[in-house]
1. So which pairs qualify, if the first residue must be in the stretch 137-157 and of a type in the set (D, E, K, R), the second must be surrounded by 12 or more Cβ atoms within 10 Å (Cβ to Cβ), the Cβ gap must be under 6 Å, and the two must be at least 6 apart or on different chains?
2. Since I11 meets every condition but one in (1) touching a residue at least 60 places away in the same chain (Cβ under 8 Å); (2) part of a loop (DSSP other than H, G, I, E, B); (3) closer than 20 Å to F163 by Cα, which condition does it not meet?
3. Looking at the stretch 85-92, can you tell me whether even one residue there is surrounded by 21 or more Cβ atoms within 10 Å (Cβ to Cβ), modelled with pLDDT of 95 or more, touching a Ser or Thr at 6+ places or on another chain (Cβ under 6 Å) and closer than 24 Å to S175 by Cα?
4. Sort out which residues of the stretch 183-231 are assigned to a loop (DSSP other than H, G, I, E, B) and at pLDDT below 75, and write them in order of number.
5. Can you go through G62, G98, G79 and tell me which one is of a type outside the set (D, E, K, R), in a helix (DSSP H, G or I) and in contact (Cβ under 8 Å) with a residue 12 or more places away in the chain?
6. Examine the stretch 117-135 for a residue that is part of a loop (DSSP other than H, G, I, E, B), in contact with a Leu (Cβ under 9 Å, 6 or more places away or on another chain) and modelled with pLDDT of 85 or more, and state whether such a residue exists.
Amino acid sequence: MEQPKSRVLVIIPAYNEEQTIGGVIADVKKEMPSAHILVVNDGSTDATARIVREFAGGGGVGLISHAYNLGIGATMQTGFRYALKKGYGIAVQVDADGQHPAGEIKKLVKPVEEKRADVAVGSRFLGLGEYRPSFSRGIAIGIFSSVVSLVLRKRFTDPTSGFRAAGGGAVRFLSGRYPDDYPEAEALVLLSRKGFAIMEVPVRMAGRKGGRSSITAGKGIYYMIKVLLAIFVDLLKKAD
């Protein structure tokens, strides 16, 4: 007997993404018509919320707005709490800047739905190889890859990828505990220590289609040091 399909929630964290948010929502609705969409507006000062509300009138699109900017960690935790409260079986993170093609979402959902993984992470570096990071970003990704691979005890190529899907138990965990700033790599460490099965899935990603990245060269160094310290502190703690 065929297993019933899990209800899927696509969580789109957004901060000042008026240039791209409409196209991202339209892309997800086209490629994943059965999924519901939740945009978590993290205190945007532009027209992001207004554009999302225009889509929400057609159904299948929800909006939660933070009163002020809390950061990606708190924004994703809001999305996971909503997914848990509403009983979604799978929650998928998709960036609001257009880098994550909605046509790739099914590749992430499939292993979670088939119980082959609790969390599936889209990798830009597994087989499809069109993504070329800048020199400094490539170094940072390489360092995080080495650390996360050591913790997970298997090769992990793209620990900073924010394109990922989580199943019920992982959604419950992340709704209660999610790292604050630039959380992607640290979240994998926390999930692994709790015994969740994590796998990478080869996906295509595009370049940012609008706006500017918040990670400058200076912030990138700060980001790398802060996250590495947080990971090492997590490893010293008992898994709770």
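1. Pairs that qualify, where the first residue is of a type in the set (D, E, K, R) and the partner is surrounded by 12 or more Cβ atoms within 10 Å (Cβ to Cβ), are R155/S149.
2. Only one criterion in (1) touching a residue at least 60 places away in the same chain (Cβ under 8 Å); (2) part of a loop (DSSP other than H, G, I, E, B); (3) closer than 20 Å to F163 by Cα is unmet by I11, namely (2).
3. Looking only at the stretch 85-92, we keep the residues that are surrounded by 21 or more Cβ atoms within 10 Å (Cβ to Cβ), and these are 88, 90-92.
Subsequent filtering for residues that are modelled with pLDDT of 95 or more retains 88, 90-92.
Subsequent filtering for residues that are touching a Ser or Thr at 6+ places or on another chain (Cβ under 6 Å) retains 90.
Checking which are closer than 24 Å to S175 by Cα leaves us with 90.
Taking every residue of the stretch 85-92 in turn, at least one turns out to be surrounded by 21 or more Cβ atoms within 10 Å (Cβ to Cβ), modelled with pLDDT of 95 or more, touching a Ser or Thr at 6+ places or on another chain (Cβ under 6 Å) and closer than 24 Å to S175 by Cα.
4. Here is the first cut: in the stretch 183-231, the ones assigned to a loop (DSSP other than H, G, I, E, B) are 183, 194-197, 203-216.
Scanning the stretch 183-231 gives G207, R208, K209, G210, G211, R212, S213, S214, I215, T216.
5. Values: G62 fails: in a helix (DSSP H, G or I); G98 fails: in a helix (DSSP H, G or I).
Answer to the selection: G79.
6. Applying the first criterion (part of a loop (DSSP other than H, G, I, E, B)) to the stretch 117-135 yields 117-118, 124-134.
Narrowing further to those that are in contact with a Leu (Cβ under 9 Å, 6 or more places away or on another chain): 118.
Those left that are additionally modelled with pLDDT of 85 or more: 118.
Yes, that holds for at least one residue.
The values are calculated or read from the model by the stated rules, or taken from the named source; none is laboratory data. In this text the structure is predicted, and so the values were computed from the model without any measurement. Note: ideal-geometry Cβ built from the backbone for every residue, glycine included; neighbour counts use all protein chains shown.
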